[in-house]
Amino acid sequence: MRSTKGRQVWRPGNMLYPLPAVMVSAADLQGEANILTVAWTGTVCSDPAMLYISVRPERYSYHMLKETGEFVVNLTTEKLAYAADWCGVRSGRDVDKWKELNLTKGKAEKLDHAPVILESPVNIECRVTEVKELGTHHMFLAEVMAVQVDERYMKKSGKFELNSAGLLAYSHGEYRSLGDRIGRFGWSVKKRMPS
Ligand SMILES: Cc1cc2nc3c(=O)[nH]c(=O)nc-3n(C[C@H](O)[C@H](O)[C@H](O)COP(=O)(O)O)c2cc1C
């Protein structure tokens with residue numbers, strides 16, 4: 001195949017952006033809880049609801065995930081950006097991230113060990129179904145057992161206004177807020193193609 005003028009070809013690397021930068025909470029069997037930031041995460045199945053997180057074995061949190069087979073994915077917002085970064089550059093081996101960041105542990109609805117972070121607008125409670133040792137990262141494939149949401153974003157109509165929570169994106173080494181709404185699911189077939 002011809003290389004195209006004006007384009008560079010790079011060796012394989014991770015360039016799938018934007019991603020969420022979530023705060024994952026977990027605990028060990030003695031009840032010590034920790035938080036680590038994870039960007040290598042995603043939804044993998046609608047029914048059963050499933051997602052994954054990929055974690056390096058050298059992370060302090062790793063043994064908690066292995067011990068209990070539980071974790072909570074806590075969505076982050078612009079307001080939580082500082083905490084999300086901090087939890088991603090400091091280790092629970094050395095500091096109590098809950099205390100240092102004034103974050104509040106809440107009880108998970110369906111898990112026995114991992115707490116939720118109450119400052120987060122959405123807590124996704126997960127139970128591990130499989131661990132795939134891929135290479136640098138081990139992928140924890142998990143089933144979603146329950147989702148807790150902050151009622152502040154519930155409208156009287158019953159609609160959950162997640163997009164007014166100021167969700168945070170992580171793109172190519174930077175934290176970014178989401179921009180303006182461009183459309184909604186399916187809008188392209190109801191609208192004329194932009195010229
Ligand atoms: C934005 C961001 C994304 C990160 N994504 C991951 C990830 O997907 N997997 C991982 O193992 N570590 C990731 N890290 C690094 C861990 O969060 C970091 O090593 C953290 O200090 C581990 O905490 P712990 O030792 O208390 O478990 C990320 C860090 C940041 C700042």
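Would you check if there is a residue in the stretch 48-57 being more than 9 Å from the ligand (Cβ to nearest atom), within 24 Å of Ala146 (Cα to Cα) and among the hydroxyl-bearing types (Ser, Thr, Tyr)?
Checked the stretch 48-57: at least one residue is more than 9 Å from the ligand (Cβ to nearest atom), within 24 Å of Ala146 (Cα to Cα) and among the hydroxyl-bearing types (Ser, Thr, Tyr).
Could you pull out the residue among Val95, Val116 that is β-branched (Val, Ile, Thr) and within 16 Å of the ligand (Cβ to nearest atom)?
Every option except Val95 fails the conditions.
Give me the pairs, please: first residue somewhere in the stretch 140-154 and within 11 Å of Val128 (Cβ to Cβ), second residue anywhere and at pLDDT below 95 and loosely packed, with under 15 Cβ neighbours inside 10 Å, beta-carbon distance under 8 Å, and either six or more positions apart or on two chains.
The qualifying pairs do not exist here.
Of the conditions (1) open to solvent by 40 Å² or more (accessible area, probe 1.4 Å); (2) part of a loop (DSSP other than H, G, I, E, B), Ser120 satisfies every one except a single condition; which number is it?
If we test Ser120 against (1) open to solvent by 40 Å² or more (accessible area, probe 1.4 Å); (2) part of a loop (DSSP other than H, G, I, E, B), just (1) comes out false.
Looking at the stretch 144-161, which of its residues are surrounded by 16 or more Cβ atoms within 10 Å (Cβ to Cβ) and acidic (Asp, Glu)?
Of everything in the stretch 144-161, just one residue is surrounded by 16 or more Cβ atoms within 10 Å (Cβ to Cβ) and acidic (Asp, Glu), namely Asp150.
Working only within the stretch 168-195, note down all residues that are in contact with a helix residue (DSSP H, G or I) (Cβ under 8 Å, 6 or more places away or on another chain) and surrounded by 15 or more Cβ atoms within 10 Å (Cβ to Cβ).
Leu168, Tyr175
For Glu125, all conditions in the list (1) touching a residue at least 60 places away in the same chain (Cβ under 8 Å); (2) away from the ligand (no atom under 15 Å from the Cβ) hold save one; what is the number of the exception?
Among (1) touching a residue at least 60 places away in the same chain (Cβ under 8 Å); (2) away from the ligand (no atom under 15 Å from the Cβ), Glu125 violates only (1).
The values are calculated or read from the model by the stated rules, or taken from the named source; none is laboratory data. Predicted model only: the values in this text are computed from it and were never measured. Virtual Cβ from ideal backbone geometry, glycine too; neighbours counted across all protein chains shown. These accessible areas exclude ligands, DNA and RNA; they are computed on the full protein's heavy atoms, side chains included. Shrake-Rupley method; radii C 1.70, N 1.55, O 1.52, S 1.80 Å.
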